[in-house]
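Step one of this worksheet: look at the structure below.
The values are calculated or read from the model by the stated rules, or taken from the named source; none is laboratory data. From a predicted model like this one, the values you see are computed outputs, not experimental measurements. When we count neighbours, we look across all protein chains shown, and the Cβ atoms used for this are built from the backbone with ideal geometry, even at glycine. Calculation scope for accessible area: heavy atoms of the full protein, side chains included, ligands and nucleic acids excluded. Shrake-Rupley method; radii C 1.70, N 1.55, O 1.52, S 1.80 Å.
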Amino acid sequence: MGEEAIIADRLTYFYNNLLAVDHICFHVAKGEILGFLGPNGAGKTTTVKMLTGQLKPKDGKAILLGLDVAENIERVQSKIGVCFEETNLYQRMSAIENLNLFARLFNVKSFNAYSLLARVGLSGREKDRVENYSKGMRQRLMVARSLVSKPQILFLDEPTAGLDPTSSEAIRNIILEERKRGATIFLTTHDMMEADKLSDRVAFMNQGKILALDKPLNLKQKYGKRALKAKVASKKGALESREIDLDTPQTAEELQNLFQNEKVVTIHSEEATLEDIFIKITGRGLTE
Amino acid sequence: MNFGVIRALVVKDFALFFRNRFYALITVLGIITYLVIYFVMPSSVDEELEIGLYAPVIPPFFELIQQEEGLKFHEYNSDQDLRQAIADRIHEAGVILPEDIMEQLASGQIPLVTLYFSTDAPDEIKDIVETMVKELAYLQTGQFLAINISAEILGPDLLGDQIPIRDRMRLMLVIMLIMFEMMGLASLISEEVEQDTIRALLVTPMSVRDLFTAKLLMGVSLAFIQGALFMAIVGGLNSQPSIILIALLLGSIMFTGSGFLIASLAKDMLTSMGWGITAILIYSIPAFGIMFPGTVTDWGRFIPTYYLTNIIHQASNINTGWSEIWVDLLILMVFNMLIVWGGIMALGRKFR
């Protein structure tokens, strides 16, 4: 991947005396998807606000595509797309009008709103007012709006939160398509499965600090454990659970015992989830 | 400044404004209603009088004439005070009785009674006051006596060109019309903040200056077009149109700035309406003063709209020219700058 799209250099922000982001440093390569994870109040939104020019850092720098954001806000903002967690569309305007407005704000020439709406599955409803859209449709329109300028960096904040599986899958596919196009994606989410599935790397943020940043597989290997989980039938016919740790010297012997001495009904391997790792690192869950 | 961006934002704001049924309705119905009100008002003058009086010795029959004629007298301590009150249009007429009027009448002399009239006092008022003074002499002596009457008009003489009540009201109507747009704009901005669409705008390459320019253009044009249209229809631009149009433009800027201030205070559409109504009540006080002379005195000068209403009243009803209103125009501009600057600062803070 090589060249850096995003560099956070000792990025700091505080509200009055509350330190929201504490000298964080990280970088995201061009074309990479970074999953940015953390509980509410961890400092994720403040970080995104500094990266997108909505807040000026109290200390440190945010550099996007080689430009210091604080000094080149308009130039940086012309190269990024932002999809917010809460729907903030013009409700009394149609989808077409919403997209055309932003195309003009981004000074996009020959913009085709219809094809973008078709891409997010909103064909046939282009001229309906947004106030008549379902939550899933609005969210898809939010994603479409963030793509109007074909941004080089895409900031997505909980893009699939509260959506049905079909809408979620549609949005995940768009994220992957955008990555294929060459866009860098900064994905803020609570959904560990989604982060695991989509992200090249994930960052865990808590209390204003980045506690871990690596590929999901590396984090699992570093912090998690692999196990086999089996259901066995007891002599009385009831089902009982067995768990065998895969990373100990006794693994082979335990496995042999399991199959020789017990009646195995089901068996599957289980690796640590990002959520397990997050709890291990921070001592708290994402929703706390 | 990016004119393409500003144009897109103005078009968006107009679309959102007129798609809000309430504001679309009050904008369209407002102008129609005010036109109807104007045209159903009598075009002639029909007023009850309160007359200023300076009399070192007040004759005993004054109370009697007040009861009989339904007139009211407001006493002043000096000739100068009375002249000032008439010049300020607190009363349309004033009477000065000589200190020894009783003795003069008793001894058969001819006392000199001085009458003052404001510049826009109608003929009927002048006739009524002269008749009243003569009747005073009759009441005192039981016969018609000779009285010398000296009448003086304070300000330009509008003899034969009096101001009907509907033309006084025209001012109130046009001010109300453009003030409602202040409330509409404030609600539109509050909605933008409440629905967080402002944040979506602020992450585009659009500058905050473009955003404010667009809002200012939208607010000013909406208010100014309505105000100018109304004045043109009701004949308010027949005299000194350039002064009136400039005053309306400045008024539209003032109300747009006020809309920014209200939006910075409001949390949602309801609170912006609450603040808007409060502002409308305060801002309309000077226009009431024009409709009902004497109700607003010197303290009215602290209300920014005092200068706006005064300029429009002077130019449209009294045909006053640039030389006499330039000071008011200057003060109005200063108020405008303060209000717009304050509005942009306050709203800018809210956006951040």
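Of note:
- Long pairs among B:LYS72/B:LYS126; A:LYS127/B:LYS350; A:LYS79/B:LYS267, criterion Cα-Cα beyond 24 Å: A:LYS127/B:LYS350; A:LYS79/B:LYS267
- Packing, as the average of other Cβ atoms within 10 Å across residues, places the peptides B:11-22, B:279-290 in the order B:279-290, B:11-22, highest first.
- Accessible area per residue in Å² at 1.4 Å probe, computed on chain A: 48
- Summed over both chains, the contact between B and A buries some 2200 Å² of accessible surface at a probe radius of 1.4 Å.
- Across peptide B:1-7, the mean count of Cβ atoms from other chains lying within 10 Å of each residue's own Cβ comes to 2.
- Under 25 Å from the Cα of A:LYS235 - lysines, other chains or at least 8 residues apart: A:LYS263
- Neighbour net charge for A:SER199 - beta-carbon separation under 12 angstrom, K R +1, D E -1: -1
- Per residue of peptide B:8-21, the mean number of Cβ atoms on other chains within 10 Å of the residue Cβ is 3.
- Within chain A, percent of DSSP bridges classed antiparallel, to nearest 5: 65
- Put a plus charge on the Cβ of each Lys and Arg, a minus charge on the Cβ of each Asp and Glu, and nothing anywhere else: the dipole of the protein assembly as shown about its Cα centre is then about 4780 debye.
- Under 15 Å from a label point set 7 Å out along the Cα-to-Cβ vector of A:GLU240, the amide N atoms of the range A:254-269 belong to A:257-266.
- Each 10 Å bin from 0 upward holds the following percent of the Cα-Cα pairs of the protein assembly as shown: 3, 13, 17, 15, 13, 10, 9, 7, 5, 4, 2, 1, 1, 0, 0.
- Interface residues, the range A:76-125 - accessible area loss of 50 Å² or more versus chain alone, probe 1.4 Å: A:GLN77, A:PHE84, A:ASN88, A:TYR90, A:ARG92, A:LEU105
- Residue among B:GLY343, A:VAL82, B:VAL208 farthest towards the positive dipole end of the protein assembly as shown, charges placed on Cβ: A:VAL82
- Mean Cα-pair separation over length for chain A, i.e. relative contact order, pairs under 8 Å, 6 or more apart, %: 21
- 1.4 Å probe, heavy atoms, protein only - residues of the range A:39-67 losing at least 30 Å² accessible area vs chain alone: A:GLN54
- Ligands, DNA and RNA left out, the 1.4 Å accessible surface of the protein assembly as shown is 55% carbon and sulfur atoms.
- Entry note, the range A:1-134: relative contact order of 20 percent, from Cα contacts under 8 Å with a spacing of 6+ residues.
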